[in-house]
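The values are calculated or read from the model by the stated rules, or taken from the named source; none is laboratory data. Not measured: the values here are computed from a predicted model. Here the Cβ is made from the backbone with ideal geometry for all residues, glycine too, and neighbour counts use every protein chain on show. Just so you know, the surface numbers come from the protein's heavy atoms only, side chains and all, with ligands and any DNA or RNA stripped out. Shrake-Rupley method; radii C 1.70, N 1.55, O 1.52, S 1.80 Å.
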Amino acid sequence: MHIFVVGNIAVDETWTIDDLPEKGSSIFGNKTSQQPGGKGANQAVIFSRCKIPTTLIAATGNDHYGEWLHRLLNSQPDLYFPLLQQPCHTDTSIILNSQDGDNTIITATDAASALTLEVISQQLTLAKPGDLLVQQGNFSLEKTAAIFRLAREKGLITAFNPSPVRREFTTLWPLVDIVVLNHLEAELLQPPAELPCVITTQGAAGTQMTSFGRDYFCPAVMAQVVDTTGAGDTFLAVALASALRRGGNPDLLALQHASRAAAITITERGTWNAFPNADVLQSLLMQNA
Ligand code: ATP
């Protein structure tokens, strides 16, 4: 069993500033963190920490950020991140935190957009029927659809996390086996009942799932919330990994494992450092009910 995550990788730079700058002004600020990010990379890292061999098919730029990310990801056990450099800067999100508690985010997506279907197809050469291909909502509708079609031709299971959400993603349903989405995305996209597996997360209110004709509900695990960033990525990766490791479809135990893992992520600020590590995930995934 191998997981192919086709998506984005980025550098998240967080700055604190007093207030948003006026047009044409120059202001001081403090860079408070620089962390790897991007939903594709986040999910790939968690899959690999669940000890499932994972390939992240994502592009960086041809700059020092790209080299840094490449070194960092390939130092993680069970994770392979081929060098797919594009002639641009590595995708970056600049998060501006102003004193009044507001966030303003500037995101570049040049590297992700430049990754061609041809390169993605080459990276999927070794994929075997029954492997899992996971995508998020960062590519164009056409590219997302073409990748799912390619996956279907190879007999892969397709999983979709439609975030960032766009209304036109509803045209992708015939190509999707498993969809994992939050309640706002579910309201917009209304996944049809014919989909084999629909997992709808509802933050602290728990998770609903319809999987192969059966309905499930799993309450969230109570936790001291510090920062919910990455909770959704943790939930998705651990739920699918739990089912795959046991060789079955997503079930109640998969949701329970995922809820426990997500409850760990939300107790710390940040993403990769906040995600449960491989040892914690190993023992968590051995737990029954
Ligand atoms: P994010 O975008 O913040 O990563 P999301 O919007 O994709 O998350 P959510 O439904 O907010 O997804 O959260 C995913 C899962 O994380 C939930 O199903 C739940 O298990 C857990 N979770 C999120 N918020 C809380 C909370 N306040 N308390 C306990 N668990 C939570």
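What number comes out for accessible area per residue over the chain if the probe is 1.4 Å? Units Å², please. Could you put the intermediate results ahead of the total?
Values: 13400 Å² over 289 residues.
Value for the chain: 46 Å² per residue.
Between Tyr80 and residues 5 or more places away or on another chain, which pairs have amide H atoms under 5 Å apart, with H built 1.01 Å from N, and which residues are they?
Thr54, Thr55, Leu56
Summing +1 for each Lys or Arg and -1 for each Asp or Glu, what net charge is found among the other residues whose Cβ lies under 14 Å from the Cβ of Asp91?
Values: positive: Lys39; negative: Asp12, Glu13, Asp63, Asp110.
My count for the surroundings of Asp91 gives -3.
I'd like the distance separating the alpha-carbon centroids of region 1-67 and region 219-275, in whole Å.
So the separation of the two Cα centres works out to 20 Å.
Quick one: give the max-minus-min coordinate of the C-alpha atoms of region 57-160 along each principal axis, largest first, in Å.
The principal-axis extents, from largest down, are 51, 28, 27 Å.
So which aspartates and glutamates pass the test for Lys31, namely a Cα distance under 15 Å, with those fewer than 8 places away in the same chain ruled out?
Asp12, Glu13, Asp18, Asp19
Note the per residue figure in Å³ for the convex hull of the C-alpha positions in region 172-258. Can you show the working numbers first?
On the way: hull volume 8.4 nm³, N = 87.
About 97 Å³ per residue, rounded to a whole number.
How would you classify region 81-234 from its alpha-carbon gyration tensor, with a ≥ b ≥ c the square roots of the eigenvalues: rounded for a/c under 1.5, else prolate if a/b is greater than b/c, otherwise oblate?
It is oblate, given that a/c is not under 1.5 and a/b is not larger than b/c.
What list of ³J(HN,Hα) couplings, whole Hz, do you get for region 213-218 from phi and the Karplus terms 6.51, -1.76, 1.60, once you set θ to phi - 60° and write x for glycine and proline?
x, 10, 9, 9, 9, 10
Just the projected area, averaged over all directions, of the convex hull on the alpha carbon atoms of region 210-289: how many nm²?
Working: hull surface 20.1 nm².
If I average the Cα hull's projected area over directions, I get 5.0 nm².
Among all stretches of the chain without exposed GluC sites (Glu not before Pro) (DSSP loop, at most 13 other Cβ atoms within 10 Å), which one is longest? The partial results should precede the final answer.
Working: sites that count: Glu22, Glu194.
Answer - 23-193.
Which percent of the accessible area of region 72-171 is formed by carbon and sulfur heavy atoms (probe 1.4 angstrom)?
Working: 2690 of 4940 Å².
After summing per-atom areas, the C and S share lands at 54 percent.
What is the diffusion coefficient of the chain in µm²/s, taking the Kirkwood radius over Cα pairs and the Stokes-Einstein relation at 4 °C with a viscosity of 1.567 mPa s? Present the calculation step by step, with values, prior to reporting the outcome.
Working: Rh = 19.4 Å.
Translational diffusion coefficient: 67 µm²/s.
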